[in-house]
Amino acid sequence: MKTTFSRTFSTAAIILMLALVLVGTSFQALVKDYLTDTTMDGLQKNAAAVSNLASAYHADGSLNNRQLLVNLDVISQVSNADTIICNANGRIILCSDTLEGCSHQGLHFNREYVDKVIKNGGDTAIGTIRDLYSESRYVVAAPILEPNGGSALGIVIVSRPLDSTTVVLDKISNIFSLVAVLVIFLAFIAMTFFARYQSNPLKELANAARSFGHGDLDARVKLEGDHPEEVEDLALAFNNMAMELQKSEYQRQEFVANVSHELKTPMTTISGYIDGILDGTIPQHRQRYYLQIVSDETKRLSRLVRSMLDISRLQDQSGIPEEKKHQFDLEEAAGQVLITFEQKINAKKLEVDVDMPEHPVYTFANQDYVTQVLYNLLDNAVKFCPQEGTLGLKIKEGGSKAYISVSNSGDTIPPEELPLVFDRFHKLDKSRSQNRDGWGLGLYIVKTIVCSHGENISVTSRDGKTEFTFTMPLVN
């Protein structure tokens, strides 16, 4: 399995090598062209100078002149080029190779080539000169004309071995190769440091994920130094995910602990009473009384399970589907729920304060769920309202929303408890010795239903009055 370092380095190394090869090849080609052009230009100037010199000497005699040969030797040494003079028939008259009896003298050039040079006014080529030089050369030829533009007397051939250019190119190649090796070495060091620096956050992330997977819920990615924005975003996303998963795990553990605690007491009660009846500890005339307690506890367990199923169903839906909503009158729904508490209200001699518009207030929602919200809120309000206290139910319109409020007089909720009232299994009475009819799920269900409609719910408690207010969409 390839690591990030190996992938990054191999990719960078390939790109760097290709770049060096392309740059080196291009540079050598440019240098070679430049040296060729420069050499040819120098040889052409030499050929023109020798042609003019030979023409001047011919005016005083012939081309086969000792003084002309000495001048050719000087010119050849200065220009590092070999010079040959041929007559119009192609016979070599003078050669700069040596001042004394050059072996090239007397040899003949191809007559067609001589005629070509005289006709075209010159010629340039790269190759070998047969019977004269075995190595490849730069060759420039120019005609020798009589003074004042007369007929052609012959040609001059100036040449230089290609080795002179190859030596320069070899030196350049050696220098370039040395620099390339140095660049690759420095790039290897730089890429090693860079790749490891870039891969460290990923290793940190992998270690944190591994620790988190093994149960260390406090594992987080800690980045130090300057890192790419994408790496920092990835680390931040992982930390946020870990935090949410840790929160969910704590909630799950709390949920299991709360459910276990809530189930243990009624199950113990049911088991104790049933065992007492079966083994005869409870006398027969008291069995009906304890069986009624067992029945009540069983019903309470059934309500708990039903409430938990309602919550699970709402959370799985991630919102109330539109096809399960319809238009209905909030005032009528609230009034029907209030009537169901008539017996409890009368038993506690509560004063009911109802404030609703004189016209229907229509909303578009799931009526069964909204009815459950009203029922839970009114049930809590009646339960916590003191004897001869005040129970309030109010509906008002505001913009595109309908505001439904349920209130009761009595003890206020401490400020530190207000943010927790909608939490699952939360009870104001920590000992749970009171409110045996409640499980701490009513308000959690209320908030889940309201939020599933995309609406909000809030609570205030001050000056002996507690009020819950939730919103629903208003249909004109």
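Looking at region 292-308, which of its residues are hydroxyl-bearing (Ser, Thr, Tyr) and modelled with pLDDT under 70?
Taking region 292-308 as the starting set, the residues that turn out to be hydroxyl-bearing (Ser, Thr, Tyr) are 295, 298, 302, 307.
Passing the criteria: only 307.
Checking the condition crowded, with 18+ Cβ neighbours inside 10 Å, modelled with pLDDT of 85 or more, assigned to a helix (DSSP H, G or I) and of a type outside the set (Gly, Ala, Ser), which residue from 43, 68, 30, 20 passes? Full working, then the answer.
Working: 68 fails: modelled with pLDDT of 85 or more; 30 fails: crowded, with 18+ Cβ neighbours inside 10 Å; 20 fails: modelled with pLDDT of 85 or more.
Every option except 43 fails the conditions.
Between a first residue in region 32-61 that is of a type in the set (Lys, Arg) and a second residue that is outside any helix (DSSP H, G or I) and surrounded by fewer than 20 Cβ atoms within 10 Å (Cβ to Cβ), which pairs have beta carbons less than 8 Å apart while being 6 or more apart in sequence or on different chains?
none
Restricting the first residue to region 280-291 and requiring it to be touching a residue at least 12 places away in the same chain (Cβ under 8 Å), which pairs with a second residue that is surrounded by 10 or more Cβ atoms within 10 Å (Cβ to Cβ) meet a Cβ separation below 8 Å and a spacing of at least six or different chains?
290/273; 290/276; 290/277; 290/282; 291/273; 291/277
Where residues in region 93-147 are of a type in the set (D, E, K, R), without any contact (Cβ under 8 Å) to a residue 24 or more places away in the chain and closer than 25 Å to residue 70 by Cβ, which of them is surrounded by the fewest Cβ atoms within 10 Å (Cβ to Cβ)?
100
State all residues of region 157-174 that are part of a helix (DSSP H, G or I), touching a helix residue (DSSP H, G or I) at 6+ places or on another chain (Cβ under 8 Å) and β-branched (Val, Ile, Thr); if no residue qualifies, say none.
165, 168, 172
Rundown of residues vs (1) in the same structural domain as residue 15 (by TED's automatic domain parsing); (2) assigned to a helix (DSSP H, G or I); (3) touching a residue at least 24 places away in the same chain (Cβ under 8 Å); (4) closer than 30 Å to residue 25 by Cβ, yes/no style:
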residue: 176; (1), (2), (3), (4): no, yes, yes, yes
residue: 186; (1), (2), (3), (4): no, yes, no, yes
residue: 202; (1), (2), (3), (4): no, yes, yes, no
residue: 206; (1), (2), (3), (4): no, yes, no, no
residue: 209; (1), (2), (3), (4): no, yes, yes, no
residue: 212; (1), (2), (3), (4): no, yes, yes, no
residue: 221; (1), (2), (3), (4): no, no, no, no
residue: 239; (1), (2), (3), (4): no, yes, no, no
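Against the definition (farther than 27 Å from residue 191 by Cβ and buried (at least 16 other Cβ atoms within 10 Å of the Cβ)), how does residue 8 come out, yes or no?
No, not satisfied.
If the requirement is being farther than 21 Å from residue 465 by Cβ and of a type in the set (D, E, K, R), which of these qualifies: 388, 351, 358?
Answer to the check: 358.
Taking residue 270 and the conditions (1) within 46 Å of the chain's Cα centre (by Cα); (2) assigned to a helix (DSSP H, G or I), which numbered condition does it fall short on, given that it satisfies the others?
Failing condition for residue 270: (1).
Can you tell me which residue among 114, 140 is closer than 16 Å to residue 54 by Cβ and at pLDDT below 90?
Working: 140 fails: at pLDDT below 90.
Of the residues listed, the single one that is closer than 16 Å to residue 54 by Cβ and at pLDDT below 90 is 114.
Looking only at region 135-156, decide whether some residue is farther than 20 Å from residue 78 by Cβ, touching a strand residue (DSSP E or B) at 6+ places or on another chain (Cβ under 7 Å), assigned to a helix (DSSP H, G or I) and of a type in the set (A, V, I, L, M, F, W, C).
No, region 135-156 contains no residue that is farther than 20 Å from residue 78 by Cβ, touching a strand residue (DSSP E or B) at 6+ places or on another chain (Cβ under 7 Å), assigned to a helix (DSSP H, G or I) and of a type in the set (A, V, I, L, M, F, W, C).
Filtering region 342-365 down to residues that are surrounded by 18 or more Cβ atoms within 10 Å (Cβ to Cβ) and in contact with a helix residue (DSSP H, G or I) (Cβ under 6 Å, 6 or more places away or on another chain), which residue is nearest to residue 387 (Cα to Cα)?
Among those that are surrounded by 18 or more Cβ atoms within 10 Å (Cβ to Cβ) and in contact with a helix residue (DSSP H, G or I) (Cβ under 6 Å, 6 or more places away or on another chain), it is 361.
Anything in region 198-223 that is among the basic types (Lys, Arg) and surrounded by 15 or more Cβ atoms within 10 Å (Cβ to Cβ)? List them, or say none.
Initially, region 198-223 is screened for residues among the basic types (Lys, Arg), giving 203, 210, 220, 222.
Across region 198-223, the qualifying residue is only 220.
The values are calculated or read from the model by the stated rules, or taken from the named source; none is laboratory data. Because the structure is predicted, anything quoted here is derived from the model rather than measured. As a convention, Cβ positions derive from the backbone with ideal geometry for all residues, glycine included, and neighbour counts pool all protein chains shown.
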